[in-house]
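Working notes, structure below.
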Amino acid sequence: MTPFYLVIAAAGAGHRSGRDRPKQFETIAGHSLLTLTLSRFLGHPALAGVVVALAPCQSPPPDFPTDPRIQTCVGGATRAASVINACRALDAPGDACVLVHDAARPFVSHADIDALLAAFEPGRGVYLVAPVADTLRDHDGRTLDRDRIHRVLTPQGAARDALLAALAAPLSATDEVAYLQAAGVACDAVTSDGHNLKITHPGDWALADALARQPGF
Ligand SMILES: C[C@](O)(CO)[C@H](O)COP(=O)(O)O
């Protein structure tokens with residue numbers, strides 16, 4: 001199995017979560033969100049190394065795992081700056097596969113990680129998507145064709161050097177694939193077979209807590 005490296009973006013403020021502190025430090029099912037998400041990957045046999053990008057004033061949560069593969073780094077003012085810092089801190093070859101993942105997505109499955117690794121090709125990007133279930137309408141009342149849209153999730157990945165080059169562009173995009181595509185790197189979408197919920201809004205906490213208490217999680 002191809003070894004991969006992981007960057008966890010955990011430097012955000014999480015203003016939409018309805019909590020007083022950044023959501024990655026909040027607890028669900030007795031564990032910090034960051035530790036739950038990290039633990040999901042630590043159990044994967046192909047994981048070679050991880051860098052967690054934290055905001056400058058933050059320390060890892062008290063239940064942060066001890067594992068020789070984990071490092072932390074100081075995040076930047078934007079997600080892209082944080083991922084750049086983390087990629088620089090990774091002890092990985094330039095052509096190594098690096099997956100970038102949100103700290104707020106603790107439910108990514110090993111099947112999805114395996115599917116991304118199987119799809120990874122040098123010189124291309126890869127990312128997880130999910131179909132849209134709802135009718136989508138913009139604020140001007142236009143209904144969007146949901147068959148031409150998918151939800152973009154993480155992990156998203158590419159070779160370490162390709163990510164570093166692409167993320168240096170002066171964009172303000174919300175995910176890594178936007179930077180890769182703007183840099184001319186073709187990216188392949190892999191459809192998730194799981195839920196991979198991103199805890200974002202106040203209503204997400206109760207569902208996440210219930211899911212994290214399921215046997216087998
Ligand atoms: C990267 C992402 O998960 C793709 O859906 C999303 O853009 C992250 O958004 P957030 O505002 O940083 O939670």
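Each residue of segment 7-22 was assigned a 3J(HN,Hα) from its phi angle through the Karplus expression (A = 6.51, B = -1.76, C = 1.60, θ = phi - 60°), giving 10, 10, 7, 9, 9, x, 8, x, 4, 7, 7, x, 10, 7, 10, x Hz with x at Gly and Pro.
Normalised by the number of residues in segment 4-212, the mean separation of alpha-carbon contacts (under 8 Å, six or more apart) gives a relative contact order of 25 percent. For the peptides 96-103, 32-39, the ranking by mean Cβ contacts within 10 Å, running from highest to lowest, is 96-103, 32-39. When each of Asp112, Asp63, Asp145 is scored by the number of other beta-carbon atoms lying within 10 Å, the sequence from fewest to most is Asp145, Asp63, Asp112.
Taking the inverse of the mean reciprocal distance over all distinct Cα pairs, the Kirkwood hydrodynamic radius of the chain comes to 17.7 Å.
Listed by Cβ neighbour count within 10 Å, with the fewest neighbours leading, His195, His44, His201 appear as His201, His195, His44. Note on segment 111-217: antiparallel DSSP beta bridges, both residues inside, total approximately 60 percent of the bridges counted.
Secondary-structure-derived ellipticity at 222 nm for the chain, considering helices only, amounts to -7000 deg cm²/dmol, per-run term -39500 (n - 2.57) for DSSP H runs with n ≥ 4. Only beta bridges with both residues in segment 4-212 are counted; by DSSP, about 35 percent of them are antiparallel.
If you bin all the Cα-Cα distances of segment 121-208 at 10 Å, starting from zero, the percentages per bin are 15, 36, 36, 13, 0.
Footprinting exposure proxy ranking of Glu176, Glu121, Glu26, fewest other C-beta atoms within 10 angstrom first, gives Glu121, Glu26, Glu176. A crude spin-label estimate for the pair Asp91 and Ala48, with each label 7 Å from Cα along the Cβ direction, gives 1.3 nm. In a reduced charge model with +1 at each Lys and Arg Cβ and -1 at each Asp and Glu Cβ, segment 4-212 shows a dipole moment near 380 debye about its Cα centre.
Computed from the coordinates by the stated procedures, all read-outs in this text should not be read as laboratory data. Remember, it's a predicted structure, so these values are computed and weren't measured experimentally. Cβ coordinates were reconstructed from backbone atoms using ideal geometry, including for glycine residues, and neighbour counts include every protein chain displayed.
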